[in-house]
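Here the structure is laid out as structure tokens; the discussion comes afterwards.
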Amino acid sequence: MVQSFSARYFNEKFEREGIDAEYSLYPLERIEDAVRLLDSLDGMNVTMPYKQDIIPLLEGLDDTAEKVGAVNVICKHKGYNTDCLGFIRSIREILQAEDRRALVLGTGGASKAVQYGLQQLGLDITIVSRTPKEGMIGNTGKTDITSLIGYADLTEDVMHSHQVIVNTTPLGMYPDINSSAPIPYQWLEAKHLLFDCVYNPEQTVFLAEGKKRGARTMNGMGMLYGQAEEAWKIWNH
């Protein structure tokens, strides 16, 4: 249920700061198995594909998790979302004033956090899904989501009119490092910003294709550190 980054990050933090705690991995076969963990652990992270499925098992959500519609942090049976703040802090470093419209690839829990983060930054959003269907839009309260389209709808005009492209899918993640989101890379330009929520490998095919065409690129490592720092604040207080 948690990836190795979190275990490494927090256990190194605990050792470095003399904190009497341990962060362990709990891979689950099904979300229902999380009930015993909720009763036995004070704090935990949730990773894909359970960021939305965990919600019915919780006793409540904070305001951000409620608006996002996904949870990546739990403390005492309550769900939080720190992915969105980690994303905002990370992408803000390379965001430019002319970046006004974004394509968000994927519709899962990470996508919902990214959508919320982009809204807070004032961008208009188009969601791209393999199987776009009614009901995929509307989980994030007041939104500036302009449309929901399929990958086949990514025309040259659509690509040119959206300056920011965020991959929230696991495509390209280790060990399947040769896979990538099926977008028309030939229409990428220097004006584009490509953000990949994947952090392993550091440069995915998605980012490499953008870099080859002069686009600004960033992987998900900064987002990961940011959400982890916010998670610690929740558990510690």
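The values are calculated or read from the model by the stated rules, or taken from the named source; none is laboratory data. All of these numbers come straight from a predicted model, not from anything done at the bench. FYI the Cβ positions are ideal-geometry reconstructions off the backbone, even for glycines, and counts take in every protein chain you see.
Confirm whether Lys112 is outside the structural domain of His192 (by TED's automatic domain parsing), in contact (Cβ under 8 Å) with a residue 40 or more places away in the chain and surrounded by 17 or more Cβ atoms within 10 Å (Cβ to Cβ).
So Lys112 fails the test.
So which residues in region 23-80 are touching a residue at least 40 places away in the same chain (Cβ under 8 Å) and of a type in the set (Gly, Ala, Ser)?
Gly43, Gly69, Ala70
What are the residues in region 4-27 that are loosely packed, with under 15 Cβ neighbours inside 10 Å and either of a type in the set (A, V, I, L, M) or in a loop (DSSP other than H, G, I, E, B) (or both), if any?
Scanning region 4-27 gives Gly18, Ile19, Asp20, Ala21, Glu22, Ser24, Leu25, Tyr26, Pro27.
For region 144-186, name all the residues that are at pLDDT below 95 and in contact with a helix residue (DSSP H, G or I) (Cβ under 6 Å, 6 or more places away or on another chain).
Asp144
What are the residues in region 178-206 that are free of Cβ contacts under 8 Å to residues at least 24 places away in the same chain and closer than 30 Å to Asn11 by Cβ, if any?
Listed by number, the residues that qualify are Glu202, Gln203.
Which ones in region 164-215 are polar (S, T, N, Q) and either buried (at least 16 other Cβ atoms within 10 Å of the Cβ) or outside any loop (DSSP other than H, G, I, E, B) (or both)?
Those that are polar (S, T, N, Q) and either buried (at least 16 other Cβ atoms within 10 Å of the Cβ) or outside any loop (DSSP other than H, G, I, E, B) (or both): Asn167, Thr168, Thr169, Ser180, Gln186, Asn200, Thr204.
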